Amino acid sequence: MQNKIDRITDILRRDDGISGAMHYTEQISWILFLKFLDDYEEELKIEAMLNDKSYQSILDEKFRWQVWAAPKKDGKLDVKNALSGSDLLDFVNKELFVYLKNFKNNENFKSIEYKIGGIFEFIDNRIANGHTLREVINIIDELSFNKESDVFALGEIYEKLLKDMGSDGGNSGEFYTPRPLIKAMVEVINPKAKERIYDPSCGSCGFLVESFFHILYKDRAKREKANLSVEELEFLKNDALFGKKKTPLSYAMGVMNMILHEISSPNIIKTNTLSKKNHRYKRR
């Protein structure tokens, strides 16, 4: 998986619309996310079928990965019907992103639809060459996120992308705090199941993700999970982690980072934490 991501970064560096690690990380992120979302929906469909229930897809058919990005024929890419060049760019820029940005109008803050809208509200396609975009999509389509080990590997790769972006100079350091520092702080704080964790300036949500894994795993290196009850696990995924971030791109990257780490409902708000007066809160 890492080799494929490295290939993609090399391809994107040649594109006129991409300048530096911040851009290629942003662009790889939204394409990876849509492939991940497609695999996630497939899992939900199978689960619904096993429980003899109907499933309502998150995305309309026209905007599903298997339709616009990677239509298949006999298990292989249907080259005849797969958009490329200017046709692909027109669809992505004028239809797909418009559709995804409108998800922010969903009133349910907890819903995956609202989170999708929050991500794409602040991200646009920067890839200028439609054939380059097709090449990147084809590589990402080879990835699969149907197994827990695949999702785990995806999270590790995404961390590396964020690290590269944070090391790129300028203001991009806001996206990444060194992982040894994060792990040390989380170990000292030692968050536990049914506790709430809040980061008032969460960036790409590294502290929240690390806190999530600190509670979820008894031994993360061995992928040995803690003995959490169903109630504790649901609380951890939906009601334990909170954050705020002012800048649009880091907000989008943070939400995406959490979803790609199996946190399906990130409670992240785009706002300036310092703009709220806290003088009414008294220490007890």
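Name the single residue, out of those in the range 151-173 being more than 17 Å from the chain's Cα centre (by Cα) and open to solvent by 30 Å² or more (accessible area, probe 1.4 Å), that is modelled with the highest pLDDT.
Out of the qualifying residues, it is Ser167.
With Ser265, Ser204 as the choices, which residue is at negative phi, open to solvent by less than 60 Å² (accessible area, probe 1.4 Å), outside any helix (DSSP H, G or I) and touching a Leu at 6+ places or on another chain (Cβ under 8 Å)?
Numbers: Ser265 fails: touching a Leu at 6+ places or on another chain (Cβ under 8 Å).
Checking each option against the conditions leaves just Ser204.
Just give me the residues in the range 78-100 being crowded, with 18+ Cβ neighbours inside 10 Å and more than 20 Å from the chain's Cα centre (by Cα), in sequence order.
Ala82, Leu83, Leu88, Leu89
Which members of the range 212-250 meet the condition of being in contact (Cβ under 8 Å) with a residue 12 or more places away in the chain, among the β-branched types (Val, Ile, Thr) and open to solvent by 60 Å² or more (accessible area, probe 1.4 Å)?
None; the set is empty.
Filter the range 118-150 for residues that are of a type outside the set (D, E, K, R), surrounded by fewer than 18 Cβ atoms within 10 Å (Cβ to Cβ) and under 17 Å from Glu41 (Cβ atoms) and give the result.
Leu143, Ser144, Asn146
Would you please name the residue that is surrounded by the most Cβ atoms within 10 Å (Cβ to Cβ), looking only at residues in the range 174-199 that are at pLDDT 75 or above and among the charged types (D, E, K, R)? Break it down stepwise before answering.
Filtering the range 174-199 for residues at pLDDT 75 or above gives 177-199.
Next, from what is left, pick out any that are among the charged types (D, E, K, R): 179, 183, 187, 192, 194-196, 199.
On the way: Arg179: 14, Lys183: 16, Glu187: 11, Lys192: 12, Lys194: 14, Glu195: 13, Arg196: 11, Asp199: 19.
Per the stated criteria, the residue is Asp199.
Which one is surrounded by the most Cβ atoms within 10 Å (Cβ to Cβ) among residues in the range 10-28 that are assigned to a helix (DSSP H, G or I) and at pLDDT below 90?
The first filter runs over the range 10-28 and keeps only residues assigned to a helix (DSSP H, G or I), leaving 10-12, 21-28.
Among the residues that remain, those that are also at pLDDT below 90 are: 21-26.
Numbers: Ala21: 21, Met22: 20, His23: 18, Tyr24: 26, Thr25: 24, Glu26: 22.
Result: Tyr24.
Cβ-Cβ below 6 Å, separation at least six or inter-chain, first residue in the range 101-112 and open to solvent by 70 Å² or more (accessible area, probe 1.4 Å), second part of a helix (DSSP H, G or I): which pairs?
Asn108/Tyr114
The values are calculated or read from the model by the stated rules, or taken from the named source; none is laboratory data. Keep in mind it's a predicted model, so treat the numbers as computed, not measured. Positions of Cβ are backbone-derived with ideal geometry, glycine not excepted, and every protein chain shown enters the neighbour counts. To get the accessible areas, we keep the full protein, side chains included, count just its heavy atoms, and leave off ligands, DNA and RNA. Shrake-Rupley method; radii C 1.70, N 1.55, O 1.52, S 1.80 Å.
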